[in-house]
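Beneath this line is the structure, given in structure tokens, with notes to follow.
No lab work stands behind these numbers, since they all come straight from the coordinates. All figures in this text were calculated on a predicted structure; none of them were measured in a lab. As a convention, Cβ positions derive from the backbone with ideal geometry for all residues, glycine included, and neighbour counts pool all protein chains shown.
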Amino acid sequence: MADVTMADVTGTPETSASGLLADLADVGRDRSRGGYSRHVFDTAEIDLREWFADQARRRGLDVEHDRNGNLWAWWGAPGPDAVVTGSHLDSVPGGGAFDGPLGVVSALSAVDILRERGAAPAKPLAVVVFGEEEGGRFGVPCLGSRLLTGSLPAEKALRLRDPEGITFADAARRGGLDPERIGADPELVGRIGRFVELHVEQGRGLIDLGGPVAVGSTVIAHGRWRLTFAGQGNHAGATPMDDRRDPMLPAAETVAAVRRIASSVPGTRATVGRITPNPGGTNVIASTVDVWLDARGPDTASVVADVEAAARAAAEAEGCTVDLREESWSDEVVFDAALRDAVSAELGGVPALPTGAGHDAAVLAAHAPAAMLYVRNPTGVSHAPEEYAEDSDVDAGAEALATVLARLSEG
Ligand code: HGY
Ligand code: MN
Ligand code: MN
Ligand code: MN
């Protein structure tokens, strides 16, 4: 076990999680949308990976990419029953500064705190950064952790294309991976004894409860579908209104139907946040329109079936066709109750909260006991520039994570 202490690792200031987060404030700013756009293997995300690797090495951690492009920083030789913590560095388009990076900087800060406390973990400890958690470039969320665990076949992932038509295989190659090696990594997954992900809360639970930290109880079932409406492209000015097959019309009617249908099924959250007309000219009747549906909740299948029926009826009325394709699916996850309660007790009995957001911890939960820590977000807003956490809560979260890691890594 590498008994590296901060004194041994020259040039690394004791840095708080809020201080580390401030380091990242200018990486991947999206001037056109506001917020941040950081997508797997794009310039900003590669800058963030390099920053993380440097921070980890300055703490004497051994850094390695796994075959799927997830970054691992080990304190102690990688081995069985490791205590692993981490999150992601990528964002949604125009996302906030905390979703993902907060879990990563808190993990680095927790290593500093453990060393300040003189802790000597009896088990290997690792900080991991998963790739493409948001699916912001290739459309499948938790791409890195799904590939690692085998819940997404490599051949399906390699064919995924980004909005510019670049395949994941090509992007991975540019990110330094060998596409031939991408795929399930059971030996690495087998090393994980426990996984803990700290994350900014995406919602108002802790505001209403009045505390800085909570543990996770469940992650909502959620999926993504793409509806492609097809009609007849044509000239906006030369085509009479009664002589059109405009796919934008059923697309618009389907967006309204999503809101109406989702609002009628308790616990459902369904959203259309992305629509792409092709070719997308102001003076052009579109040939096709892609509409992406994000649907979550206890009865998603029936909600999607009702949306599909509404889409088909609207398409037919306009002489268009529609094709619906599932792009990703995640079952509801209930975190390991014994671990959840142990983590809560270790932190003085913090509350357990459900979340409507997906996480890598939910993917790993099928392979090792996993837990989540949430840090208060006073705006309650996420996936938008207003996402926030006070420095005092950020640092309280890192302290809490250190306390949990210390307990889990005892002999
Ligand atoms: O979409 C989600 O729920 C997560 O933020 N990836
Ligand atoms: Mn997110
Ligand atoms: Mn996230
Ligand atoms: Mn996550």
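Among the residues of the stretch 37-55, is there at least one that is within 16 Å of ligand 1 (Cβ to nearest atom) and closer than 21 Å to Val394 by Cβ?
Yes, there is a match, as at least one residue in the stretch 37-55 is within 16 Å of ligand 1 (Cβ to nearest atom) and closer than 21 Å to Val394 by Cβ.
Do any residues in the stretch 112-138 that are within 21 Å of Val63 (Cβ to Cβ) and among the charged types (D, E, K, R) have Cβ atoms under 8 Å from those of residues that are within 16 Å of ligand 3 (Cβ to nearest atom) and in a helix (DSSP H, G or I), where the two are at least six apart or on different chains, and which pairs are they?
Sorted first by the residue in the stretch 112-138, then by its partner, the pairs are Glu132/Leu143; Glu132/Gly144; Glu133/Leu143; Glu133/Gly144; Glu133/Ser145; Glu133/Asp360.
Return the residue satisfying two criteria in turn: it lies in the stretch 81-110 and is more than 19 Å from Glu390 (Cα to Cα) and more than 15 Å from the chain's Cα centre (by Cα), and of such residues it is farthest from ligand 3 (Cβ to nearest atom).
Asp81
Tell me which of these Val363 doesn't satisfy, since it passes every other one: (1) assigned to a loop (DSSP other than H, G, I, E, B); (2) buried (at least 21 other Cβ atoms within 10 Å of the Cβ).
Single failed check for Val363: (1).
Going by the conditions given, is Thr239 among the hydroxyl-bearing types (Ser, Thr, Tyr), in contact (Cβ under 8 Å) with a residue 12 or more places away in the chain and farther than 27 Å from Ala82 by Cβ?
Taking the combined requirement at face value, the residue satisfies it.
Kindly indicate whether Ala368 is assigned to a helix (DSSP H, G or I) and either farther than 30 Å from Met241 by Cβ or without any contact (Cβ under 8 Å) to a residue 12 or more places away in the chain (or both).
Criteria not met by Ala368.
Of these, Ala53, Ala77, which one is more than 16 Å from ligand 2 (Cβ to nearest atom) and assigned to a loop (DSSP other than H, G, I, E, B)?
Working: Ala53 fails: assigned to a loop (DSSP other than H, G, I, E, B).
Every option except Ala77 fails the conditions.
Which residue is nearest to ligand 1 (Cβ to nearest atom), if the candidates are limited to the stretch 104-135 and must be small (Gly, Ala, Ser) and either part of a strand (DSSP E or B) or buried (at least 23 other Cβ atoms within 10 Å of the Cβ) (or both)? Show your work before the answer.
Just the residues of the stretch 104-135 that are small (Gly, Ala, Ser), to begin with: 106-107, 109-110, 118-120, 122, 126, 131, 135.
With either part of a strand (DSSP E or B) or buried (at least 23 other Cβ atoms within 10 Å of the Cβ) (or both) added as a condition, the list becomes 106-107, 109-110, 126, 131.
Working: Ser106: 17, Ala107: 18, Ser109: 22, Ala110: 22, Ala126: 22, Gly131: 13 Å.
Of everything passing the filter in the stretch 104-135, Gly131 is nearest to ligand 1 (Cβ to nearest atom).
Could you check, for the stretch 111-123, whether at least one of its residues is within 14 Å of the chain's Cα centre (by Cα) and not aliphatic (A, V, I, L, M)?
No, there is no match, as no residue in the stretch 111-123 is within 14 Å of the chain's Cα centre (by Cα) and not aliphatic (A, V, I, L, M).
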